[in-house]
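The values are calculated or read from the model by the stated rules, or taken from the named source; none is laboratory data. All values reported here derive from a predicted model rather than from experimental measurement. Cβ atoms come from the backbone with ideal geometry, glycine included; neighbour counts cover every protein chain shown. Accessible surface is based on the protein model in full, side chains and every heavy atom, while ligands, DNA and RNA are left aside. Shrake-Rupley method; radii C 1.70, N 1.55, O 1.52, S 1.80 Å.
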Amino acid sequence: MLEHKKIQGVNDFFTELNARREKGVYFYRIAGYQEEIREFIQKYYETARLSGVIIEGRIPNPDEKNLAYYNEIMGMNFQMSIGFMEASLKKWLPRMNDYQRSNVATSIYDCLDTLKKSGKNDNMLKNAYVKMMCWLYYKFERIVNQLGNNQIPKILYQGNVSNYELILLSILSTAGCDIVLLQYGGDSAYLSVDASSARSDKLEMQNQTAFPQDFSLETIKKEIVKKANRARMYGKEPEIINCTNAWCSGKFYEDILTPPSSRGTDSRFFYNCFFRMNGVEDKVTYQNELAHLNSELEKSGRKVYSARWSDYS
């Protein structure tokens, strides 16, 4: 099984398992808002949509048809043993490999054992086990064969998680899945089911505020659709944008002659400058300075176009 690890930044979620600073999974809840969090949620949503599971509201309890099908395939036997659980998973979720099956069975056993120690009787444990098996089949079957892979599957949960939902999510997490919980109303509802924050970490970032009243995954979906429609109409948006003058020192000639590769390190930007000369510092030397500037630019392989104000009048 994999352990929960701390992130240094939200982009750690998108790092493959073998490239992570510490080999493990991330299980975080977000109870505050700021622009970087909004951008992260959108990126995480798109990732979970492609290789994960998105839950908007509670996971439905198994209905009569779900339970009848489970009984038909698996019967209603139950044993509090890892061996029994591994054998059951092999029949119920055949796409899982031995490693995944072992991790999930061990994690289910550990969670049920914790419930047993808290006072749950055998019938309660059996009901909890059947509920988890049905949830795995009906809600998470698409990712059970990805658990523990280098490309880690994602779960995004919007809403106030219940105790048994949190238990199942913990099982999936330690079996090899990243999880993010969106808690729009703050952290109090979560702490009512996990008072010590033992199962997940709270994301803490500077300048967090309460979530906007109208924020939801539905707004994120609408933004994604709007962006996709715009791309179809006008083409793909540029992957990098300009950073004009903000990097400059204010020394005209030195800034212009600074190679583009030395102007900044943020891959989101190309660093350019836009200067206007009003007069000259020295009437005697300015022509030589401009000639030197032109020569240095040409030697560096940069294209130069010269124009006078009269060309535009």
Quiz prompt | Members of region 115-131 that are open to solvent by 80 Å² or more (accessible area, probe 1.4 Å) and either hydrophobic (A, V, I, L, M, F, W, C) or within 35 Å of the chain's Cα centre (by Cα) (or both) | solution = 116, 117, 118, 124, 127
Quiz prompt | Residues that are among the aliphatic types (A, V, I, L, M) and open to solvent by 20 Å² or more (accessible area, probe 1.4 Å), drawn from region 3-30 | solution = 7, 19
Quiz item: Which of the residues that make up region 201-229 are in a loop (DSSP other than H, G, I, E, B), under 17 Å from the mean Cα position of the chain (by Cα) and surrounded by fewer than 15 Cβ atoms within 10 Å (Cβ to Cβ)?
Solution: 204, 205
Practice problem: With the checklist (1) in a loop (DSSP other than H, G, I, E, B); (2) over 30 Å from residue 97 (Cα atoms) in hand, flag the one item residue 198 doesn't pass. | Solution: (2)
Quiz item: If we keep just the residues of region 137-186 that are open to solvent by less than 20 Å² (accessible area, probe 1.4 Å) and charged (D, E, K, R), which is farthest from residue 15 (Cα to Cα)?
Solution: 165
Quiz item: How many residues are among the small types (Gly, Ala, Ser) and within 19 Å of residue 1 (Cα to Cα) when one looks only at region 98-132?
Solution: 3
Quiz item: Looking at residue 118, is it without any contact (Cβ under 8 Å) to a residue 12 or more places away in the chain and either touching a Ser or Thr at 6+ places or on another chain (Cβ under 8 Å) or of a type in the set (Ser, Thr, Tyr) (or both)?
Solution: yes
Practice problem: Would you check if there is a residue in region 47-61 being over 23 Å from the mean Cα position of the chain (by Cα), open to solvent by 60 Å² or more (accessible area, probe 1.4 Å) and not aliphatic (A, V, I, L, M)? | Solution: yes
